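Here the structure is laid out as structure tokens; the discussion comes afterwards.
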Ligand code: UFG
């Protein structure tokens, strides 16, 4: 299949491109490189450096490309930043998707649309595991931007005959098994890279809170390897392309297993064969105690499987990346 990968130079986008290429699909990457890295992509791949808000470039790309599926991986995804600078999230995440949907409508695009959403649309969930239809009460501008996007995509799909799907990720993590790419956020806010980086630098990692209503008092999350996410995205295109439009659905991508922050720390100690210094700090604002997915719909509709999402593989691949590129793509 031919894929347009918007935001393909980011963490999840670049892993998707790697896996889709490995599975024989053709990817064209569209990224403004504001938060993505050209080095995360094979230099031989077709690459368009442009902003999603640049409707003209987007439309000419869609017109020329005859894509089977369009992927949107181009959102900003820092919860804290979204609280202090919501304008960034409403512009990049919401307006960006509106421009994309408008381009698809105007050009009567026949491509399937696959959108990266997040379990952040639920806020503090009412039920665990979280199923697709559970009530949505996002607590941050980031989560709200994703929910607005989902609504917008659903409406465009029904009104304009588009086939679309929102894939709601739980905690994306790990790195490609063949190396060379991985998680490189600045600032890094995620638990697994922070634990590994602290261990490699012989520093102390802070665990945010140990007084949550969970078995060991630390938060519980559902960690899914980024290559398993990528594979599910390819399955989503296969599924959508076999359907007649209009169609819209939302599907959860998680393993269904929850691990606490202290369990992640212990698992990293086991993989690295060292003791990792940690301290307990105050709770981080807005962290729900537990988040894990009901993934039955993903299994049923997409044939979702996980091949890399055991903690050992997640941590080993993440460790290999951080050892290879301690400063991310900035390799000095
Ligand atoms: N944590 C620490 N120390 C750190 C970093 C994180 O204790 O240095 C804790 C967090 O407080 C949380 C857990 O580790 O309890 C997981 O935190 P992450 O930042 O790794 O992941 P989140 O679950 O907060 O974030 C994920 C996605 C977001 C999404 C959010 C929805 O990465 O994009 O779920 O809640 F918005």
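Bear in mind that the values in this text are calculations on the coordinates, not laboratory data. Because the structure is predicted, anything quoted here is derived from the model rather than measured. FYI the Cβ positions are ideal-geometry reconstructions off the backbone, even for glycines, and counts take in every protein chain you see.
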Rounded to two decimal places and with Rh computed the Kirkwood way over Cα pairs, what is Rg over Rh for the chain? 0.95
Using just the helices of the chain, give the 222 nm mean residue ellipticity in deg cm²/dmol: DSSP H runs with n ≥ 4 each add -39,500 (n - 2.57), and the total is spread over all residues, rounded to 500. -10500 deg cm²/dmol
Using Cα centres only, tell me the gap between segment 1-65 and segment 198-251 in whole Å. 22
Assign one of three labels to segment 136-176, namely rounded, prolate or oblate, based on the Cα gyration tensor with a ≥ b ≥ c the square roots of its eigenvalues; rounded applies when a/c is under 1.5, prolate when it is not and a/b is larger than b/c, and oblate otherwise. oblate
What residue among 159, 230, 111 has the largest mean-square fluctuation in a Gaussian network model of the chain, using Cα springs under 10 Å? 159
Output the antiparallel fraction of DSSP beta bridges having both residues in the chain, as a percent to the nearest 5. 5
By counting other Cβ atoms within 10 Å of each Cβ, how are 271, 226 ranked from fewest to most? 271, 226
If neighbour count is taken as other Cβ atoms inside 10 Å, put 206, 313, 306, 218 in order from fewest to most. 206, 313, 306, 218
Which of rounded, prolate or oblate describes segment 215-283 when judged by the alpha-carbon gyration tensor and an a/c cut-off of 1.5? prolate
Computed from every Cα-Cα pair in segment 185-313, P(r) in 10 Å bins starting at 0 and rounded to whole percents is 11, 35, 30, 16, 6, 1
Inverting the mean 1/r over all pairs of different Cα atoms, compute the Kirkwood radius of segment 69-132 and quote it in Å. 13.7
When only Cα pairs under 8 Å and 6 or more residues apart are kept, what is the percent relative contact order across the chain? 20
Taking the beta-carbon count within 10 Å as an exposure proxy, list 280, 114 from fewest neighbours to most. 280, 114
Working from the alpha-carbon coordinates of segment 17-97, get Rg over Rh, Rh being the Kirkwood radius. 0.99
Specify the inter-centroid distance of segment 72-95 and segment 155-175, based on alpha-carbon positions, in whole Å. 17
For the chain, set up a Gaussian network in which alpha carbons nearer than 10 Å are linked by springs, and say which option among 279, 266, 44 fluctuates the most. 44
Mean shadow area (nm²) of the C-alpha convex hull around segment 77-225 is 11.5
